[in-house]
Structures are given as structure tokens and as C-alpha cells.
Amino acid sequence: MEEHRKSYQIRIFPHSDHAWLNLRSDAYRHDDAEAAWATFLTFLKNVFAGQWDATLAIWRFGAESSIDYDLAGLRNRDAGGGQARLA
């Protein structure tokens, strides 16, 4: 995105596992999914309403991460899709 001077907005949610937006996954996180969709729709609304200056490349990044997040606990866990994870 930077190379092509495109604007974007990224947000990382704490404790969100792979497939956390997938309704059919054990990893689904309702509150985070609702917040993500609201953020996405607001972004699109603002872009199409001309609130993001087309002459600028605007890069927004936000993250919340727990210092005790256990990535090792995700290894080889089946989240309902039948696939081993992080192997």
C-alpha cells in the first residue's frame, strides 16, 4: 500500500485468533467482529464522502495486544475447520 501511496487503516484486536471473523469457527469473537465491521464501514463512508484527502496517503495503525497472549496455545488447534493450525 505504501509503495503505491494508498491510504489505509489497520486495527489489531487483542486476543483475536485466526478466523475470529468466521461465524463457523470456534475462534469467532462477536464483540470484536462487530467493532471491526463498524470501523470498516466508517472507513468506507469517510473515504467515499471525500473525508480522506485524495492528495495524501494516510496510514493509520492501531493495535491492542495482551502481554500474556499465549500463541503457543494455538498450535495445532482445530478451530472447527478440520485444519491443524500454526504447525
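The values are calculated or read from the model by the stated rules, or taken from the named source; none is laboratory data. Because the structure is a prediction, the values reported are computed rather than measured. Neighbour counts run over all protein chains shown; Cβ positions are idealised from the backbone, glycine included.
What the table shows:
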| quantity | calculated |
| --- | --- |
| Leading residue by the ranking (surrounded by the most Cβ atoms within 10 Å (Cβ to Cβ)) among those in region 46-58 that are polar (S, T, N, Q) and within 14 Å of Q9 (Cα to Cα) | N46 |
| Residues of region 1-56 satisfying the condition of being over 30 Å from I67 (Cα atoms) and in a helix (DSSP H, G or I) | L44, K45, N46, V47, F48 |
| Answer from F43, F13, F61 - the residue that is surrounded by 10 or more Cβ atoms within 10 Å (Cβ to Cβ), among the aromatic types (F, W, Y) and modelled with pLDDT of 85 or more | F43 |
| Any hit, region 37-60, residues being within 19 Å of H18 (Cα to Cα), in contact with a Phe, Trp or Tyr (Cβ under 8 Å, 6 or more places away or on another chain) and charged (D, E, K, R) | no |
| Subset tally (residues that are among the aliphatic types (A, V, I, L, M) and under 16 Å from the mean Cα position of the chain (by Cα)) for region 12-58 | 11 |
